[in-house]
Amino acid sequence: MRAAIVEAPGKVSVTTVEDPTPGRRDVVVKVASCGLCGTDLHILQGEFAPTLPIVPGHEFAGEIVAVGNDVTELAVGDKVAVDPSLHCHECRYCRSGRGNLCDNWAAIGVTVPGGAAEFAVAPVANCVKLPEHIDVTDAALIEPLSCAVRGYDVLKSNLGSEVLIYGSGTMGLMMLELAKRTGAASVEVLDINAQRLETAKLLGCTGAAARAEEFDRPGGWDVVIDATGNAGAIQDGLGRVAKGGTFLQFGVADYATTAVIEPYRIYNQEITITGSMAVLHSYERAAALFASGVLDPAVFISDRLPLEQYPQAIDQFKAGVGRKIVVQP
């Protein structure tokens, strides 16, 4: 089969590899679409993936074409979306229900071959069957949506919150859509990419700007979400949190990124700074939300490229052109 391969830091190609075979509790998925995200850029930079080469792709969906001997829950022909999380179920974090913090954390497309290929193997327990009305070529959006759902689980949002989101890429836009549905009084979005801000406006944000100073919020925002991973945005956002408010680090920053905090202000104004890591008990809920129409794929997916153009897709994503980019074998 054909698959994208990150061979070494900075080096990605599409080549022919062996067809996968399922283990006894695995399925083989014929991939219909595979999304690109910031994690894929980190893998290309030599971060996250413990070893290279690796077939990337942790946002994917498709049709089951083979099942292991002990698989009874799903069958050949079923359409599924795949949760890439691979928890050890043995460490203290897994045993306490915090598998996303697993000491032996692994994921399809990060530590084992992923969905940027014609076929991919996944444990049957990681597959969510999709209803018939879902176009499986759109369902790569479910994985990033599940990360956004996890983000709102962490926030425990209060009704009537004033929300500021840094970044109007795919993840920022998903956080916007969820903020609207979790009782936010206002949701304002910042981005230096004017084209992406237009999409935020289309989706109904309260305001959109390149700089926070353009908004009349001298007291700050109850909830500030960084969906960029950019050091400058993070630092600015930390200073925009209102008294009693929360800053959520949702975007994936480089390992070396640092920011300065003000301990006295955090103490005196009871400010919470927290993070949200990947998926935790949120994938099935994201699939249900997606099936209900919480996202418009026509808005979120800007580009659909053939798998053979994976290197070009990565370059386009790196350049910040478009919104969600998916490759289709």
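Of the numbered criteria (1) assigned by the TED database to the domain that holds LEU197; (2) under 18 Å from the mean Cα position of the chain (by Cα); (3) small (Gly, Ala, Ser), the one ALA288 fails is (1). Going through (1) in contact with a Ser or Thr (Cβ under 6 Å, 6 or more places away or on another chain); (2) open to solvent by less than 10 Å² (accessible area, probe 1.4 Å) one by one, VAL154 falls short only on (2). Looking at the structure I just gave you, is ALA184 touching an Asp or Glu at 6+ places or on another chain (Cβ under 7 Å) and touching a residue at least 12 places away in the same chain (Cβ under 8 Å)? Taking the combined requirement at face value, the residue does not satisfy it. Restricting attention to segment 241-268, the residues being open to solvent by 50 Å² or more (accessible area, probe 1.4 Å) and either touching a strand residue (DSSP E or B) at 6+ places or on another chain (Cβ under 6 Å) or at pLDDT below 95 (or both) number 4. Just for segment 32-60: of the residues that are closer than 19 Å to ARG323 by Cβ and of a type in the set (S, T, N, Q), which one is surrounded by the fewest Cβ atoms within 10 Å (Cβ to Cβ)? Residue satisfying both the conditions and the ranking: THR39.
Determine which member of the set GLU90, GLU63, GLU7 is in contact with a Lys or Arg (Cβ under 6 Å, 6 or more places away or on another chain) and open to solvent by 30 Å² or more (accessible area, probe 1.4 Å). Lay out the reasoning, then the answer.
On the way: GLU90 fails: in contact with a Lys or Arg (Cβ under 6 Å, 6 or more places away or on another chain); GLU7 fails: in contact with a Lys or Arg (Cβ under 6 Å, 6 or more places away or on another chain).
Answer to the selection: GLU63.
Taking strands (runs of 3 or more DSSP E) that do not extend beyond segment 9-101, which have at least 1 residues that are basic (Lys, Arg)?
Values: elements: 11-16, 26-35, 59-67, 79-82.
Where strands (runs of 3 or more DSSP E) fall fully within segment 9-101 and carry at least 1 residues being basic (Lys, Arg), they are 11-16, 26-35, 79-82.
If I go through segment 295-316 residue by residue, how many of them are under 11 Å from LEU141 (Cα atoms) and open to solvent by less than 40 Å² (accessible area, probe 1.4 Å)? Looking only at that region, the number is 4.
Do we have ILE325 as open to solvent by 70 Å² or more (accessible area, probe 1.4 Å) and not in a helix (DSSP H, G or I) here? Answer is no for this residue.
Please go through segment 202-240 and pick out each residue that is of a type in the set (Asp, Glu), closer than 23 Å to VAL252 by Cα and open to solvent by 30 Å² or more (accessible area, probe 1.4 Å). Full working, then the answer.
Initial filter on segment 202-240 (of a type in the set (Asp, Glu)): 213-214, 216, 222, 226, 236.
Next, from what is left, pick out any that are closer than 23 Å to VAL252 by Cα: 222, 226, 236.
Within segment 202-240, ASP222, ASP236 qualify.
Selection of segment 108-141 for residues being surrounded by 21 or more Cβ atoms within 10 Å (Cβ to Cβ) and either in contact with a Ser or Thr (Cβ under 6 Å, 6 or more places away or on another chain) or of a type in the set (Asp, Glu) (or both) yields ASP138, ALA140.
Collect the residues in segment 54-80 that are over 20 Å from PRO329 (Cα atoms) and either touching a residue at least 12 places away in the same chain (Cβ under 8 Å) or polar (S, T, N, Q) (or both), keeping them in residue-number order. Write out each step before concluding.
Filtering segment 54-80 for residues over 20 Å from PRO329 (Cα atoms) gives 67-75.
Within segment 54-80, VAL67, GLY68, ASN69, ASP70, VAL71, THR72, GLU73, LEU74 meet the criteria.
The values are calculated or read from the model by the stated rules, or taken from the named source; none is laboratory data. Owing to the predicted nature of the structure, the values given are computational and were not obtained by experimental measurement. Virtual Cβ from ideal backbone geometry, glycine too; neighbours counted across all protein chains shown. Protein only, heavy atoms only, side chains kept; ligands, DNA and RNA dropped before computing areas. Shrake-Rupley method; radii C 1.70, N 1.55, O 1.52, S 1.80 Å.
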